[in-house]
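Q: Here it is: the structure, laid out below.
Since every read-out is calculated from the coordinates, none of them should be taken as a lab result. Computed from a predicted structure; not experimentally measured. Every residue, glycine as well, gets a Cβ built from its backbone with ideal geometry; the counts of neighbours run over all protein chains shown.
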């Protein structure tokens, strides 16, 4: 096993998945720590396999990547629940989709993109989550007047 080509991308995918997964676990979301790590790890492994299988033939390298996007879209769709109160799970589905893209970035050796995207995702989930709750609270107060 080549350290640079296989181990570093896989380990980085686990780290990125763990960072986002911890936030999702703390927020008690259905797709928590293990799910996010496995999605990111799986996408990285499939991307590495795709890269290795397509060595010498660049037109084939995108075929597995395209299937990752489709498969993860299906997985994310399963996280969305519609009931009389509205639609739930859209952020979870979006996080699943994003974790696959970060895993793909790791597998493709786009390490800077993977790390920056993970940090940005954490900022969005934590920071904008607080803004979202603030706006909802103000909207409820406005409606009760």
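Q: Helix 111-122 sits at what angle to the longest principal axis of the chain, using alpha carbons and giving 0 to 90 degrees rounded to 10?
A: 10
Q: Rounded if a/c is under 1.5, else prolate if a/b beats b/c, else oblate: with a ≥ b ≥ c from the C-alpha gyration tensor eigenvalues square-rooted, which is the range 63-136?
A: Taking the square roots of the gyration eigenvalues as a ≥ b ≥ c, the range 63-136 is oblate.
Q: Let me ask something else about it. Rounded to the nearest 500, what is the 222 nm mean residue ellipticity of the chain from helices alone, with -39500 (n - 2.57) per DSSP H run of 4+ residues and division by all residues?
A: -23500 deg cm²/dmol
Q: Return the FRET efficiency for the residue pair residue 25, residue 110: r is the Cβ-Cβ distance, R0 is 25 Å, and the value is rounded to the nearest 0.05.
A: 0.45
Q: Here's another thing I want to ask about it. Please tell me the relative contact order of the chain in percent, rounded to the nearest whole number, where contacts are Cα pairs under 8 Å and at least six residues apart.
A: 28
Q: If a/c stays under 1.5 just call it rounded; otherwise compare a/b with b/c (prolate if a/b is bigger, oblate if not). Do that for the chain, with a ≥ b ≥ c from the square roots of the Cα gyration tensor eigenvalues.
A: Because a/c hits 1.5 or more and a/b exceeds b/c, the chain counts as prolate.
Q: Suppose each label sits 7 Å from its Cα in the direction of the beta carbon; what would the residue 94-residue 128 distance come out to in nanometres?
A: Computed distance between label sites residue 94 and residue 128 equals 0.4 nm.
Q: For a Förster distance of 41 Å, can you work out the FRET efficiency between the beta-carbons of residue 141 and residue 70, rounded to the nearest 0.05?
A: According to the calculation, E is roughly 0.45.
Q: Where does helix 90-107 land angle-wise versus the long Cα axis of the chain, in degrees 0 to 90, nearest 10?
A: The helix 90-107 is inclined about 20 degrees to the chain.
Q: While we're on this one: Order by neighbour count: 88, 137, 28, fewest other Cβ atoms within 10 Å first, most last.
A: Lowest to highest Cβ neighbour count: 28, 137, 88.
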